[in-house]
Amino acid sequence: MEMKRAALEIVVPLGPVDAIPLGQGCTYVVDGCPIAVFRQRDGQLFATENACPHRGGPLAEGIIGDGKVICPLHARQFDLVTGASQDCAVKTYPVRVEGGEILLTLA
Ligand code: FES
(Lines give C-alpha, C1' and ligand atoms only; values in the text may rest on other atoms or scores of the structure.)
Protein backbone atom coordinates (compact mmCIF):
# COMPACT_ATOMS: atom_id res chain seq x y z
CA MET A 1 0.00 0.00 0.00
CA GLU A 2 1.67 3.23 -1.17
CA MET A 3 1.10 6.38 0.88
CA LYS A 4 1.30 9.86 -0.65
CA ARG A 5 2.17 12.80 1.57
CA ALA A 6 0.87 16.29 0.80
CA ALA A 7 1.44 19.10 3.31
CA LEU A 8 0.31 17.70 6.68
CA GLU A 9 -1.99 14.99 5.40
CA ILE A 10 -1.35 11.48 4.21
CA VAL A 11 -3.55 10.04 1.47
CA VAL A 12 -3.77 6.25 1.41
CA PRO A 13 -5.23 4.37 -1.58
CA LEU A 14 -7.32 1.44 -0.36
CA GLY A 15 -8.30 -0.20 -3.64
CA PRO A 16 -11.45 -0.35 -5.74
CA VAL A 17 -14.66 1.04 -4.29
CA ASP A 18 -16.54 -1.94 -5.76
CA ALA A 19 -14.78 -4.15 -3.21
CA ILE A 20 -17.27 -2.82 -0.64
CA PRO A 21 -20.85 -3.94 -1.40
CA LEU A 22 -23.46 -1.18 -1.18
CA GLY A 23 -24.87 -0.95 2.33
CA GLN A 24 -21.87 -2.60 3.98
CA GLY A 25 -18.53 -1.85 5.56
CA CYS A 26 -15.04 -3.33 5.21
CA THR A 27 -12.00 -3.17 7.41
CA TYR A 28 -8.63 -1.97 6.11
CA VAL A 29 -5.45 -1.99 8.17
CA VAL A 30 -3.64 1.30 7.64
CA ASP A 31 -0.30 1.79 9.33
CA GLY A 32 -1.23 -0.97 11.78
CA CYS A 33 -4.60 0.59 12.63
CA PRO A 34 -7.89 -1.13 11.63
CA ILE A 35 -10.13 1.39 9.87
CA ALA A 36 -13.74 0.74 8.85
CA VAL A 37 -14.85 2.10 5.49
CA PHE A 38 -18.61 2.16 4.91
CA ARG A 39 -20.35 2.38 1.55
CA GLN A 40 -23.89 3.49 2.14
CA ARG A 41 -26.65 2.28 -0.21
CA ASP A 42 -26.72 5.74 -1.86
CA GLY A 43 -23.00 5.38 -2.64
CA GLN A 44 -21.72 7.76 0.06
CA LEU A 45 -18.49 6.67 1.74
CA PHE A 46 -17.53 7.15 5.38
CA ALA A 47 -14.52 6.00 7.40
CA THR A 48 -14.04 5.55 11.13
CA GLU A 49 -11.71 3.66 13.41
CA ASN A 50 -13.02 0.09 13.43
CA ALA A 51 -13.04 -0.61 17.17
CA CYS A 52 -16.08 0.58 19.06
CA PRO A 53 -14.92 2.60 22.11
CA HIS A 54 -17.38 0.75 24.35
CA ARG A 55 -15.91 -2.77 24.22
CA GLY A 56 -14.11 -2.99 20.90
CA GLY A 57 -16.96 -4.19 18.69
CA PRO A 58 -16.09 -4.33 14.99
CA LEU A 59 -18.00 -1.37 13.58
CA ALA A 60 -17.37 -2.47 9.96
CA GLU A 61 -19.75 -5.37 10.70
CA GLY A 62 -22.48 -3.06 11.96
CA ILE A 63 -25.68 -2.02 10.26
CA ILE A 64 -25.31 1.23 8.31
CA GLY A 65 -27.74 3.71 6.85
CA ASP A 66 -28.81 7.35 7.04
CA GLY A 67 -25.25 8.42 7.92
CA LYS A 68 -25.08 6.15 10.97
CA VAL A 69 -23.64 2.78 12.00
CA ILE A 70 -25.00 0.56 14.76
CA CYS A 71 -22.34 -1.43 16.63
CA PRO A 72 -22.95 -5.17 16.20
CA LEU A 73 -22.18 -5.97 19.85
CA HIS A 74 -24.36 -3.69 22.00
CA ALA A 75 -26.14 -1.50 19.45
CA ARG A 76 -24.60 1.88 20.23
CA GLN A 77 -25.27 4.17 17.28
CA PHE A 78 -22.50 6.37 15.82
CA ASP A 79 -22.83 9.31 13.46
CA LEU A 80 -20.56 8.53 10.51
CA VAL A 81 -19.73 12.20 9.87
CA THR A 82 -18.83 13.29 13.41
CA GLY A 83 -18.17 9.90 15.05
CA ALA A 84 -20.39 10.92 17.95
CA SER A 85 -22.56 8.55 19.93
CA GLN A 86 -24.70 9.09 23.01
CA ASP A 87 -21.81 8.82 25.50
CA CYS A 88 -18.65 8.22 23.47
CA ALA A 89 -17.18 8.81 20.01
CA VAL A 90 -15.04 7.20 17.32
CA LYS A 91 -12.42 8.93 15.22
CA THR A 92 -13.54 9.64 11.66
CA TYR A 93 -11.43 10.08 8.53
CA PRO A 94 -12.04 11.92 5.25
CA VAL A 95 -12.56 9.40 2.44
CA ARG A 96 -13.37 9.83 -1.25
CA VAL A 97 -13.33 8.00 -4.56
CA GLU A 98 -11.16 8.99 -7.52
CA GLY A 99 -11.15 6.90 -10.67
CA GLY A 100 -12.97 4.11 -8.86
CA GLU A 101 -10.36 3.93 -6.10
CA ILE A 102 -10.94 4.66 -2.42
CA LEU A 103 -8.64 7.35 -1.03
CA LEU A 104 -8.42 7.71 2.74
CA THR A 105 -6.89 10.81 4.29
CA LEU A 106 -4.98 10.64 7.55
CA ALA A 107 -4.35 13.97 9.27
S1 FES B 1 -18.84 -2.83 21.84
FE2 FES B 1 -19.94 -1.40 20.64
S3 FES B 1 -21.68 -0.93 21.80
FE4 FES B 1 -20.57 -2.32 23.03
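Side notes on the structure shown:
- Exposure ranking of ILE63, ILE70, ILE20 by accessible area [1.4 Å probe, largest first]: ILE63, ILE70, ILE20
- Using a probe of 1.4 Å on the protein chains alone, the accessible area found for ASP79 is around 50 Å².
- If a spin label sat at a point 7 angstrom from the Cα of THR105 along the line to its beta carbon, the backbone N atoms of region 8-31 nearer than 12 Å would be those of 8-12.
- Exposed loop sites are taken as trypsin sites (Lys or Arg not before Pro) in a DSSP loop (any state but H, G, I, E or B) with at most 15 other beta carbon atoms within 10 Å; the longest stretch of the chain without one runs 1-40.
- Dipole of the chain, positive direction: furthest Cα of HIS54, ALA36, THR82, with charges on the beta-carbon: HIS54
- Cα-based shape type of region 20-106, given that a ≥ b ≥ c are square roots of the gyration tensor eigenvalues and the cut on a/c is 1.5: prolate
- Taking all protein chains together and rolling a 1.4 Å probe, CYS26 ends up with roughly 40 Å² accessible.
The values are calculated or read from the model by the stated rules, or taken from the named source; none is laboratory data. Keep in mind that what you see is a predicted model, and the values were worked out from it rather than measured. Cβ: placed from backbone, ideal geometry, glycine included. Neighbour counts: every protein chain shown. Each accessible area value is taken on the protein alone, full model and side chains, heavy atoms only, with ligands, DNA and RNA left out. Shrake-Rupley method; radii C 1.70, N 1.55, O 1.52, S 1.80 Å.
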